[in-house]
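Read the structure below first, then the notes.
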Amino acid sequence: MNIRVVAYQTGIFVIQWGLMILGFGILTKIIAPLKLLQPTLPLVMYFDAGVKALIALAFSVTWLFIWDRQVRYYFFRRTR
Amino acid sequence: MGSLDWDTVAILVALGSFPISLALTRFFMYWNSAHGIVGIDVHKLSRPKVPEMCGAAVPITLIIFGEVYSLITNASWIPFAAYSLVVGLTALVGAVDDKLKMRGIFKPILTLFCGLPLLVLGFEFPGQVYDTTLRVPLFGGYHLPVIYPLTILVVISVTSNAVNMLDPLNGSMSGGISIVAGGLLVGGLLTGANSTTIFLYASLLFTLLGFFYHNRYPSRAFSGNVGQLSIGASLGALAILSRTEIASIVAMFPNIQNSFFFLSRIRRFTEHRELKARPTKLTSDGKLASSADPAAPLTLVRTLVAEGPKTEREIVSDIWGLFIASTTLAIITLLLTGIVL
């Protein structure tokens, strides 16, 4: 086993894991409890869920972007 | 069974799946070879022919043992029916793809529908298939009455295709997912999961080990899409049935990285065989090296050979090392799920 590459990749996994837990934490504690509209209006539940899903999607894209930069940094430094 | 607790019974029954999977894989090796269902091991200089679609042994064993356990223990048939249908349907999609060589876009679309049994049975029997409250480590959880059911279809498609995409080398998928199943089984035991969850993870582990015996380096049996898709779907279905969604994502980090970099470069769903720029190349001494083509996707294997050419065995060891790391994080995630800050 190539310890260096596995250790570097494990480091990336740990960072991504920490960010993921933090992201889910923000969704749980801040985003999910938000009341965006009066719950008496029709279809409000679906609008509310849709907006929150979009916020979660934005978090996921950011998370993947950070992952992407870390792997590319390693790969292009090693193959230069 | 009076003196045995239910977790022990679950593991003992699941142990039986090892010899069955071993024997079924062997049967498919001979039968498929005799019927010309073979693939070429392109990562060896001799390019040996290896029987394909032997991974069919895995969904068959999983379904048989799910039903056996349900009958023996009188456990509710609903989660087992949902699980078996998901695994069976994805295996069917994989088998059709193995025979017809469909275009890359069809697998993610068809596997979306394979999650329907979970969704439908979940609607019919609330609380027995899924729970719309997502449990988050350290932060409690939140209720997702609209999003959660819709996500189920995506989850099955993503997990099945992510596993399908990370099976380039002998034993990399079967060994890697065995590590994931074993880790989540340990996590389930540590966190007091119910015996159905323990059984399903244990049966996945032992079934995979039976297949792995023939699939390990040098491989004498290839999984084919039939095995890869059903194994991935099994993980996805288990994540939902056992409420281990976040831990399962963590355990599958190597699959996620591989799929993300493949898709971000290619920008479409396609088959490896349709790629013009291959991520790796075979050197004259039988090692795998990173492709010099800038258009080649940055797959996990290509990242692992960035420093220089490596043998297939070395790369597979590295992939397993990464699965051990991600599964350790998944176990920590499970342990943290019960804790709220």
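The values are calculated or read from the model by the stated rules, or taken from the named source; none is laboratory data. None of these values were measured; they are calculated from a predicted model. Please note: Cβ atoms are built from the backbone with ideal geometry, for glycine as well, and neighbour counts cover all protein chains shown.
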Query raised in the report: Within segment A:5-42, can you find the residues that are in a helix (DSSP H, G or I) and closer than 17 Å to B:Pro145 by Cβ?
Result: A:Leu27, A:Thr28, A:Ile31
Report task. Give the residues of segment B:172-188 that are surrounded by fewer than 23 Cβ atoms within 10 Å (Cβ to Cβ) and either outside any helix (DSSP H, G or I) or among the aliphatic types (A, V, I, L, M) (or both), sorted by residue number. Result -> B:Val186
Query - B:Arg47 being in a helix (DSSP H, G or I) and farther than 22 Å from B:Ala181 by Cα - result: no
Query raised in the report: In segment A:3-23, which residue that is more than 7 Å from every other protein chain (Cβ to nearest Cβ) and over 20 Å from B:Phe139 (Cβ atoms) is surrounded by the most Cβ atoms within 10 Å (Cβ to Cβ)?
Result: A:Ile12
Query - Single condition A:Val6 does not satisfy, out of (1) within 25 Å of B:Ile331 (Cα to Cα); (2) touching a residue at least 24 places away in the same chain (Cβ under 8 Å) - result: (2)
Report task. Provide a single number: the residues in segment B:292-312 that are within 10 Å of chain A (Cβ to nearest Cβ) and either part of a helix (DSSP H, G or I) or not hydrophobic (A, V, I, L, M, F, W, C) (or both). Result -> 7
Query raised in the report: So how many residues does segment B:226-268 have that are modelled with pLDDT under 95 and more than 26 Å from B:Gly188 (Cβ to Cβ)?
Result: 9
